[in-house]
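Inspection log for the structure reproduced underneath, given as structure tokens.
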Amino acid sequence: MKTHFVLSMGTSILGNYRRVSKGETPSVSFPTLLHTQSKFGKGAFPTPGILCEDYPEIRDVLLSEAVKGAEQTTIEYVTKEKNLDLADGHYHIIATDTSDCLFCAALLGHEVLKDGDLDFYVPPGLGNADNDRFRNRGLPNLLAALAEILDHVEAEGDEAIIIPTGGYKIMVPYLTIASILYKQPAYYIFEGSRSLIQLPAPPLGIDTAEFRTVIVLLDNVIGLRLEDAIPYYQALPPGFQRLVYADENGLLQYTAFGLRLKRMYRRETGISPFMLRASDNSLMPFLGAHRDAFSRMARLGETVWTGDKAPKMADHARHHHTNLFAYTELIMLPILRDRPDFLSPEELFLLLGMVYLHDCGHSFSSFPVKGQTAIPLLPTEIRNFHNILGFIRLRSPEFSNTLKRQGLHIDPETLNNIAWLSVYHRKKMPLLAGECRAPGGYCFGPLAEKDDLIQSGRKIKGERLALVLSLFRIIDGMDKQVGRAGDAVEISMKAEAILADLPHLWDRVGRMQQVMSAKGMKTAGKIVETVLDAIVKAYGLQEQTGANSQDISGKTVPTCCGCLENGCSFQLRSPKPFDEKPLFTELEFALEKKKLGHRLFPAWEYLASRAQLFFEALQPAYYYSDLLLGMPRVFHCLENGKRRITINYPANDDLPGAREKVSGAWNEIQNWVAENLPPEAGERHILNASLDDPENIVSGILKEYCSDKNSEVAEILDKAAGISVQFQYMARPVGCMQTKDKTND
């Protein structure tokens with residue numbers, strides 16, 4: 001990679017000579033170039049001798065340390081700081097079209113840099129600063145020269161160092177703008193100083209909102225004569241008018257910086273925040289040789305979420321997974337800074353791959369079974385099965401072929417490995433003991449006992465997979481705060497949309513009830529209502545974030561950090577073995593027992609209509625909980641060789657009125673249910689649901705780490721990595737289920 005020095009040329013050499021020679025000035029006499037071509041190169045550029053008749057006599061003084069110019073000093077300081085040889089750089093010297101500046105530029109290029117790898121630029125019109133030509137032609141051509149240089153640097157994958165030390169002061173902001181737009185650093189030495197100041201390019205970008213309002217007008221004037229483009233051109237703000245110029249044929253074209261800004265706009269609006277968050281996350285350097293592979297994977301963007309069946313629960317691509325990349329940085333950066341080998345590059349690659357793809361099963365609405373018709377799923381079930389559906393999807397040849405048709409390629413080994421890890425991200429899945437059995441003959445035993453995975457030629461043992469997965473469960477569980485389902489307006493409008501849709505959903509239920517009231521269907525209808533009642537009660541308990549959380553009746557509960565401190569009688573608890581059975585097969589079995597198998601499909605449609613109504617009506621209660629917590633703050637502390645990670649959730653006070661709007665919609669939904677659903681309807685269970693409180697939500701997040709049913713994550717992080725995690729709400733620790741059990745006893 002080559003280093004390009006881009007510098008504006010001043011006349012400090014002549015000023016220093018005047019000081020050293022006590023007022024004498026060399027006789028620099030040469031007409032300004034006034035060329036129409038901006039780039040001259042080293043061969044065509046005049047030598048100092050041509051510019052100054054006294055040059056042979058004063059050469060030694062001009063090249064002395066006392067007369068050295070600020071540009072040369074800056075170059076020398078930068079090359080020393082970056083451990084470069086002066087001859088290693090490619091130098092781009094931008095001079096104004098004045099005799100003094102041309103002389104100094106020639107001296108620097110020919111005498112100091114020894115006609116090395118350099119180019120000279122004299123932007124047309126950039127001469128004396130006291131005329132309109134300087135403003136109207138010179139400064140735009142200066143920007144064009146900068147764009148020409150930096151576009152080439154960017155295309156070659158090289159680095160640039162911008163030195164705005166010399167020249168007219170008006171040139172400094174232009175070079176600084178170039179530094180910002182091309183994200184290249186600038187270095188500066190103040191006059192009379194020998195202290196080098198680095199000006200890192202600040203993280204500023206194009207105003208996409210402003211650009212969006214004019215891009216169509218801009219594109220439309222390109223290729224037109226100004227007189228033909230007047231209605232559009234005059235509608236452009238003056239700053240945007242400067243992005244176009246009339247070429248030699250009188251046709252409007254983008255300036256070089258105009259093209260740069262347009263490309264930036266296209267990138268920022270054409271690449272989603274999710275894709276940028278994935279590909280530019282700060283853990284990328286730790287991936288080593290796997291960095292490019294993950295960048296290629298990130299090109300999937302949101303395409304993997306097309307067909308997401310759970311947008312009413314959480315917007316996975318735009319919000320949830322974007323948040324998770326940030327939380328992965330909060331958890332992993334301090335660990336990897338202290339211990340770069342904590343995870344191998346292959347293990348970190350799989351962790352980030354899980355962050356990206358673990359929820360992709362939400363795009364299925366049925367459970368595929370080889371050799372059989374796919375089993376349909378209710379919306380209430382997709383969450384239960386989404387980890388297994390994602391496992392099936394990532395490992396299927398059809399998914400690989402889909403990626404290839406889109407010009408993307410992720411090797412099957414990587415997809416298989418991410419699938420195997422992702423299937424365990426639900427807290428019910430066994431890491432150390434237990435078993436999950438699913439339709440289609442799928443059986444998942446403890447992850448820690450799994451055979452080695454081979455990622456990029458490196459074996460990863462089961463216990464290491466369990467560590468990676470435990471870290472991911474902490475990260476995944478953290479995302480229960482504002483922004484998960486959208487901003488306040490989006491969330492409240494989702495709630496209002498559900499309220500407006502309930503009568504239509506109930507009409508569908510009514511039509512299906514008429515079908516079920518037909519002769520021979522009433523028994524099937526009663527079976528459906530029994531299944532629905534079980535769904536409603538189980539779903540309400542399972543989904544409500546604060547359900548089953550601690551209730552200590554006012555007693556003070558000591559905090560348990562990883563079930564290791566404050567007297568907690570910790571015992572490892574693994575999830576019990578379980579079968580994951582689709583309700584379609586259970587309904588089919590119940591109907592077969594009553595010899596009503598031929599009524600299966602109308603019965604299923606009736607059940608689906610009831611479940612859809614319940615599922616949608618309950619969602620605003622979760623929207624409300626999404627508004628209660630602010631973004632978590634994460635702190636790491638090392639004590640006696642152990643790492644404690646504290647995850648503190650503040651209250652969300654940034655959305656005045658948002659909770660009231662959502663809770664208002666929720667109250668309207670409960671009123672609608674009370675007024676329109678008959679007393680025997682199972683969906684009336686919604687009337688028993690209450691809006692959550694923030695401390696209960698944090699207690700629910702804690703359960704991903706340690707609970708009375710599953711404490712495997714706490715066990716693995718402690719034993720394998722010496723890590724304990726404490727969860728706080730407003731800097732106050734919340735107690736875990738182990739402490740609850742002990743206190744209640």
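The values are calculated or read from the model by the stated rules, or taken from the named source; none is laboratory data. Fair warning: this is a prediction, and the values are worked out from it, not measured in the lab. Heads up, the Cβs are rebuilt from the backbone with ideal geometry, glycines too, and the neighbour counts pull from every protein chain shown. The area values use the complete protein model at the heavy-atom level, side chains included, leaving out ligands, DNA and RNA. Shrake-Rupley method; radii C 1.70, N 1.55, O 1.52, S 1.80 Å.
Data overview
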quantity	calculated
22 Å Cα-Cα reach of Lys22 towards lysines, excluding residues that sit fewer than 8 places from it in its own chain	Lys68
Amide proton proximity set for His4, modelled H, under 5 Å, gap of 5+	His90, Glu159, Ala160, Ile161
Cross-link reach list, lysines versus Lys459, counting only Cα pairs under 22 Å and skipping chain neighbours closer than eight places	Lys450, Lys719
The chain: calculated mean residue ellipticity at 222 nm from DSSP helix runs of at least 4, using -39500 (n - 2.57)	-14500 deg cm²/dmol
Positive-end residue of Ser663, Thr255, Tyr327, charge dipole of the chain with Cβ unit charges	Ser663
Order by protection proxy (mean Cβ within 10 Å, highest first), peptides 635-646, 177-188	177-188, 635-646
Estimated vicinal HN-Hα couplings, Hz - the range 286-302 in sequence order (Karplus 6.51, -1.76, 1.60; Gly, Pro = x)	6, 7, x, 5, 8, 4, 5, 5, 6, 4, 5, 4, 5, 5, 4, x, 7
Cα shape, the range 69-215, gyration tensor, a/c 1.5 rule	oblate
Amide hydrogen neighbours beyond the local backbone of Lys709, cut-off 5 Å, H modeled	none
Between helix 70-81 and the chain: long-axis angle, C-alpha atoms, 0 to 90°, nearest 10	40 degrees
Candidate aspartates and glutamates for bridging to Lys169, where Cα separation is under 13 Å - those fewer than 8 sequence places away on the same chain excluded	Glu191
Per residue accessible area in Å² of the chain, where ligands, DNA and RNA are left out and the probe is 1.4 Å	45 Å²
In sequence order, calculated HN-Hα J values of the range 631-641 (Karplus, 6.51, -1.76, 1.60; Hz; x Gly/Pro)	5, x, 9, 10, 10, 10, 9, 9, 9, 6, x
Correct option for Kirkwood radius over Cα pairs in Å [calculated from the coordinates] among (1) 32.3; (2) 30.9; (3) 29.0	(2)
Peptides ranked, highest mean first, by Cβ atoms within 10 Å: ranges 119-130, 704-715	704-715, 119-130
In degrees, nearest ten, helix 321-338 long axis to first principal axis of the chain (Cα)	70 degrees
Under Karplus coefficients 6.51, -1.76 and 1.60, residue-wise ³J(HN,Hα) of the range 646-653 in Hz, glycine/proline x	9, 10, 10, 9, x, 6, 8, 10
The chain: relative contact order as a whole-number percent, Cα under 8 Å and 6+ apart	10 percent
Anisotropy class of the range 40-127 from Cα gyration tensor, a/c 1.5 cut	oblate
Cα-based helix-to-principal-axis angle, 139-156 vs the chain, degrees rounded to 10	60 degrees
Assigned charges on the beta-carbon of Lys, Arg, Asp, Glu; the chain dipole about Cα centre (debye)	2220 debye
Translational diffusion coefficient (Stokes-Einstein; Kirkwood radius from C-alpha pairs) of the range 409-506 at 10 °C, 1.306 mPa s, in µm²/s	96 µm²/s
Nonlocal amide H pairs with Ala186, under 5 Å, H built at 1.01 Å	Ile162, Leu199, Ala201
Surrounding net charge for Phe257, when Lys and Arg each add one and Asp and Glu each subtract one, Cβ distance under 11 Å	+2
Carbon + sulfur, % of accessible area of the chain - ligands and nucleic acids excluded, 1.4 Å	51 percent
Gain in span if fully extended, Leu196 to His598, counting 0.36 nm per residue against the direct Cα distance	136.3 nm
Selection from Gly288, Ser21, Ala518, by position along the positive dipole direction of the chain (Cβ)	Ala518
Rounded, prolate or oblate (a/c below 1.5 giving rounded, otherwise prolate when a/b exceeds b/c) for the range 243-289 by Cα gyration tensor	prolate
Computed lengthening from Asp708 to Glu398, 0.36 nm per intervening residue step minus Cα-Cα distance	107.6 nm
